[in-house]
Structure formats: structure tokens, C-alpha cells
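Supplied in C-alpha cells, the structure appears directly below.
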Ligand SMILES: Cc1ncc(COP(=O)(O)O)c(C=O)c1O
């Protein structure tokens, strides 16, 4: 049996026979990447950002694919945001410039990897603690590297990020006083606003969060740290955060693949680029059961749906089963295949080994999924 080589250079075995099949004929469960829809999403977002003062730095945590990031960069994105050092490594290895790890890196092995990466790539990382800044400086000095830093401010989410402008200044000064670190700017992620369904309330909360963000920037500017880059935002807030002339860049990423969670935040703006194909393995009355469950469909925050407006209500998702109820007779029979629009793209991708790349309804390629969360055998720079 041959093998297919994916975006990260990883070999994916056992998928060769899927190439050339219609999207509905693939062995299930299967993760389908509709490249036509993804391209249209990319173009639509690129057009939106032509009209917004901010730039797009797409988050790659959902797809982890340097090829898709490259597509976004060709459409005008200024760089990439990653969640982990392994993702950053994969992006840098594929030639993506200006890589931001939009999280803290604290474990000593990861600090070493980060510093090693920064010896020959432009790498930026978020930090919210002077002790972490000191550890970053020590790692960068050992590797003789330069690392750029965004001081993370908590703008209402209550996750990472300093809780006061005075703490922001303390972290910024520690960076400025380090010879292997460069203070590039601030990160403020309004993640709490993505949980807000009402668009008016979401807009109000986002504007309040961004006030907090820009106040921190003004406080730092008043203390000599001027012209800082401000990076924040996501798919659910890109139009609000991106329209604030004080924000430099927006980290929206899920718009490219989409999922049920993000669809409710930006209804009708982007297409379903990612689905999981399942087979009806049981049909009893108004209920069908599919052979795809939580081991292939990410179920976070909301329930998945059947794709392409097929209707029905997903009652529950178990390990290997999705149970869908219909009011009347289901439009699907035993053995039919059907696509599930996942709740959440980032965890869905992470559960799977490979994208079945679909173009004009046919599987044209198999791409290995990037680091999940670590890649066995990947160079870790240690
Ligand atoms: C730091 C950070 N930036 C941006 C995002 C936005 O991502 P998305 O566009 O997928 O909502 C996230 C999502 O979790 C995040 O954690």
C-alpha cells in the first residue's frame, strides 16, 4: 500500500483509495475539507479586511495547515497566529513568516523549542508575568535568539492576561530591559464576547473590552512605550474589533472552515468548509443513527447539525454514534451517507488524522492534520 504525504510532511497511510471518489462515497467517518468553500471564505474575509482599518492575522489552531495559512497570506493576511509551539514550528518550517504564538509558553522544554525556532524565524509570543519574561530572556540568551513579545492584557475574559495597567507596565518594562526580547505590542482577546448570542450585547461588550485594551496601550505610551501593535479579536468579533482604528490586527481563524458555534455569531457570512461524513447504520421510525460520534466530531458549546439544510435535530452524540430525530419520516435510509456540520472546528480537526480534500464534489487529495497537540518525532530543538 502506498502513502499520501500531508501538509506537514507527515505520512498518512490507508487513505489512498479515497482519492477520486465522490464526496459522499468516502469510507466513514471521514473529515471532508471543501476546498472550494474554503477558498470562497478566504476571499470573502479578505474583501472584508480591505474595508477595515485593521489587518488579518488568521489564527491557525482550527486547521493547523500551513497550506491554508499560505492561502490566507496570499489573500492579504499579515502573518499567522498559533496556539502552540508545535504549530508555530510547523508554520515556520513551511516558510510562513511572522509567526505569533498567541498563548503563554512556560514549560522549560517549550521555552527551549521557542528559542531555537526564533534563531532563524520571526517569532512573537504572549506573556503576562515578569517571571515568564525572565525565563524567555534566559532561553533566548542561551540560544542566541531574539524573541518578540506581546504583553497580554485581560480585557474581560478572565483567562490569561495581566489584570491591571500597572502590571502591564511592569511586564513591558521587564521586556524592554531584556537584551534578547523585543516589546512588539499588546494582546487582548475578548473571548467572553464569543459566547454572547445577542449581536447588540456582543457589540457592546466587545467595544467595552477594546476600550480596556486601548486604555492599557495609552497607559504604556504615557510611560514611554509607544507605537505598540495591538492584536486581538476572533471570528465572532472581527467586524467590531477590526473597525476600531486603534487595533492593529485581528486573530480570526475559524471563519475559514466554519462550524455551528461560529455560524450563530456570523450567520450567512461564510460557508461550511469542514464536515464529517457519516453513514446511517440504523433507522427506526423518525430516528437515524450515524457511525460518527465524539471520536470524530468535536462537540463543544453547542450541538452539531446535519449539513446542507437536511433538517432533523441532533439529540445526542456518543463515542461512535450521532443520533438524529426527524418530525416525520427521515429523508435518509440505512446505508446512506450524510455530512455532519461540527459544533466546533478546532476540536473536530484535532480528532482526525487527515483532511479529505474535496474539489468540485470529488476527493482530490489527502492532507495530514498538523500537530495534535504534539507531533511524535517532530524536531523539538532540544
Ligand atoms: C488568543 C486567541 N485569539 C483568537 C482566537 C479566535 O479564534 P476564532 O476565530 O477561531 O474564534 C482565539 C480562540 O480561541 C484565541 O484563543
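The values are calculated or read from the model by the stated rules, or taken from the named source; none is laboratory data. Everything numeric in this text was worked out from a predicted model, so none of it was measured. Using ideal geometry, Cβ is built from the backbone for each residue, glycine included, and neighbour counts are taken over all protein chains shown.
Please enumerate the residues belonging to region 296-308 that are away from the ligand (no atom under 12 Å from the Cβ) and either assigned by TED's automatic domain parsing to the domain that holds residue 231 or touching a residue at least 60 places away in the same chain (Cβ under 8 Å) (or both).
Within region 296-308, 296, 297 meet the criteria.
Okay, next question. Would you confirm, using the coordinates I've provided, whether residue 70 is away from the ligand (no atom under 15 Å from the Cβ), touching a residue at least 60 places away in the same chain (Cβ under 8 Å) and closer than 30 Å to residue 33 by Cα?
Answer is no for this residue.
Between residues in region 229-241 that are touching a residue at least 60 places away in the same chain (Cβ under 8 Å) and residues that are near the ligand (Cβ under 8 Å from one of its atoms) and part of a helix (DSSP H, G or I), which pairs lie under 9 Å by C-beta distance while being six or more apart or on different chains?
Cβ pairs passing all conditions: 234/191; 234/194; 234/254; 234/255; 234/262; 238/255.
Here is a check on your reading of the model: is residue 282 loosely packed, with under 13 Cβ neighbours inside 10 Å, at positive phi and in contact (Cβ under 8 Å) with a residue 40 or more places away in the chain?
The answer is no for residue 282.
Is it true that some residue in region 224-238 is at pLDDT 95 or above and more than 21 Å from residue 102 (Cβ to Cβ)?
yes
Kindly indicate which of 38, 26 is crowded, with 18+ Cβ neighbours inside 10 Å, more than 16 Å from the ligand (Cβ to nearest atom), over 13 Å from the mean Cα position of the chain (by Cα) and farther than 24 Å from residue 248 by Cα.
Just a single option satisfies the conditions, and that option is 26.
Could I ask something else about it? Tell me the strands (runs of 3 or more DSSP E) entirely within region 60-150 that contain at least 2 residues that are surrounded by 24 or more Cβ atoms within 10 Å (Cβ to Cβ) and either in the same structural domain as residue 351 (by TED's automatic domain parsing) or under 14 Å from the mean Cα position of the chain (by Cα) (or both).
Ranges flagged: 80-82, 99-101.
I'm trying to understand the selection: among the residues of region 60-79, which are more than 24 Å from residue 366 (Cβ to Cβ) and touching a strand residue (DSSP E or B) at 6+ places or on another chain (Cβ under 6 Å)?
Once the filter is applied, which keeps residues that are more than 24 Å from residue 366 (Cβ to Cβ) and touching a strand residue (DSSP E or B) at 6+ places or on another chain (Cβ under 6 Å), region 60-79 yields 77, 78.
Listed here are the residues, each with its yes/no results for (1) without any contact (Cβ under 8 Å) to a residue 24 or more places away in the chain; (2) more than 15 Å from residue 126 (Cβ to Cβ).
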{"site": "28", "(1), (2)": "no, yes"}
{"site": "35", "(1), (2)": "no, yes"}
{"site": "41", "(1), (2)": "no, yes"}
{"site": "58", "(1), (2)": "no, yes"}
{"site": "75", "(1), (2)": "no, yes"}
{"site": "82", "(1), (2)": "yes, no"}
{"site": "88", "(1), (2)": "no, no"}
{"site": "94", "(1), (2)": "no, yes"}
{"site": "106", "(1), (2)": "no, no"}
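Do we find a residue being touching a residue at least 24 places away in the same chain (Cβ under 8 Å), under 19 Å from residue 130 (Cα atoms) and over 24 Å from the mean Cα position of the chain (by Cα) anywhere in region 188-196?
no
Which condition from (1) at positive phi; (2) within 12 Å of the ligand (Cβ to nearest atom) is the one that residue 104 breaks?
Just one mismatch for residue 104, condition (1).
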